[in-house]
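Notes follow the structure.
The values are calculated or read from the model by the stated rules, or taken from the named source; none is laboratory data. No experiment lies behind these values; they were computed from the predicted model shown. Here Cβ is always computed from backbone atoms with ideal geometry, including for glycine, and neighbour counts include all displayed protein chains.
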Amino acid sequence: MDIIQFIFEEIDKDIFIQFKNIDYDIDDLINYFSNIIIPIIYEKRELIKVLYTSSLNGYWINFLERRYSAIIYKKKYYNLKKRIFIKYIISIIEVWITDDIPDVPIEFKKDFLNYLNRNIIDIQKESK
């Protein structure tokens, strides 16, 4: 598994570096993520898409959850709400980046912020 860990870290390196610059107030985090991190993910979309759509998917998601929950929550108590928040962001990114033709970051940013600021039930009702 060491080689897989290395691959994950290499693909995620530029994103991880940017997270060191974030003020961890939740509003600042979301704005920073949408303005800085989303474009980096988009640049690496082909590699990231492979990780999300291959048999490595579960390992990739676990890697992301562990890595970013430790940074964002600074090893504070990691409760259910915090886990759901991290998983929700990862899921939004996964659905976006695995689309046949993902929206460019400037377009996706609007959707991303919309998804995070609205009730999931309301989003579902609109999709009918």
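The condition of being surrounded by 10 or more Cβ atoms within 10 Å (Cβ to Cβ), over 22 Å from PHE6 (Cα atoms), at pLDDT below 95 and under 13 Å from the mean Cα position of the chain (by Cα) holds for only one of PHE85, PHE63, that being PHE85.
Among the candidates ILE123, ILE101, the residue that is more than 12 Å from the chain's Cα centre (by Cα), in a loop (DSSP other than H, G, I, E, B) and aliphatic (A, V, I, L, M) is uniquely ILE101.
Does ILE71 meet the test of being among the aliphatic types (A, V, I, L, M), surrounded by fewer than 16 Cβ atoms within 10 Å (Cβ to Cβ) and farther than 20 Å from ASN119 by Cβ? Here the answer is yes, as ILE71 does meet what is asked.
Looking across segment 1-12 at every residue that is loosely packed, with under 12 Cβ neighbours inside 10 Å and closer than 21 Å to ILE72 by Cα, the one that is modelled with the highest pLDDT is identified as GLU10. Among residues of segment 1-16 that are in a helix (DSSP H, G or I), those with a beta-carbon under 6 Å from a residue that is of a type in the set (A, V, I, L, M, F, W, C) at least six positions away or on a different chain give the pairs PHE8/PHE63; ILE11/LEU47; ASP14/ILE40; ILE15/ILE37; ILE15/ILE40. For residues in segment 41-58 being surrounded by fewer than 16 Cβ atoms within 10 Å (Cβ to Cβ) and of a type outside the set (D, E, K, R), which is farthest from the chain's Cα centre (by Cα)? So the residue we want is SER55. Residues of segment 1-20 that are among the aliphatic types (A, V, I, L, M) and farther than 16 Å from ILE71 by Cβ: MET1, ILE3, ILE4, ILE7, ILE11.
Here ILE86 fulfils each of the conditions (1) within 20 Å of ASP27 (Cβ to Cβ); (2) out of contact with any Phe, Trp or Tyr (no Cβ under 9 Å at 6 or more places or on another chain); (3) free of Cβ contacts under 8 Å to residues at least 24 places away in the same chain; (4) in a helix (DSSP H, G or I) apart from (2).
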